[in-house]
């Protein structure tokens, strides 16, 4: 066993953590991340609202509807630790941007996918796959936000910033 801990990256963390945002930048940045979290939660929770209608259109039974709804969490749980690790290595902002593009695209394509798959016998599998991918892409959100806040916000102000960002989850649930 060497002197270095494989989970601590002092050279990167020390150099990046000294670059804090100004007060104005921090407010804007926190507001943007709060809105992003709200949109993420709205995208996450819209399928449970729509599942009854979608299940009727697709002739899914309750078991199949349950599989579609739970598929999100299969993907979500796979990326929690990995998301934090990658965010600490390459930066939470980069991971958030990439993940946001992926989950936004999946969310926008899901209604079209459901409409196109009405005539396909594999429609359930395709929707489940997209829900898993949605979970994978959204699972990195909070680990990435935590990494970004740790790098950009002074220690004594982190709890407020993170609390405001996390408030977006409740706002997103209200959007549906």
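What follows is calculated from the coordinates using simple rules that are stated; it is not laboratory data. Computed from a predicted structure; not experimentally measured. Here the Cβ is made from the backbone with ideal geometry for all residues, glycine too, and neighbour counts use every protein chain on show.
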Residues 47, 98 arranged by fewest to most Cβ contacts within 10 Å: 98, 47
Three-way shape call for the chain based on the alpha-carbon gyration tensor, with the a/c threshold at 1.5: prolate
Residues 29, 74 arranged by fewest to most Cβ contacts within 10 Å: 74, 29
Sum of -39500 (n - 2.57) over DSSP H runs of 4+, divided by residues of the chain (222 nm, nearest 500): -27500 deg cm²/dmol
Separation between Cα centres of the stretch 131-176 and the stretch 27-95, rounded to whole Å: 12
Residue order, fewest to most surrounding Cβ atoms within 10 angstrom, among 122, 20: 122, 20
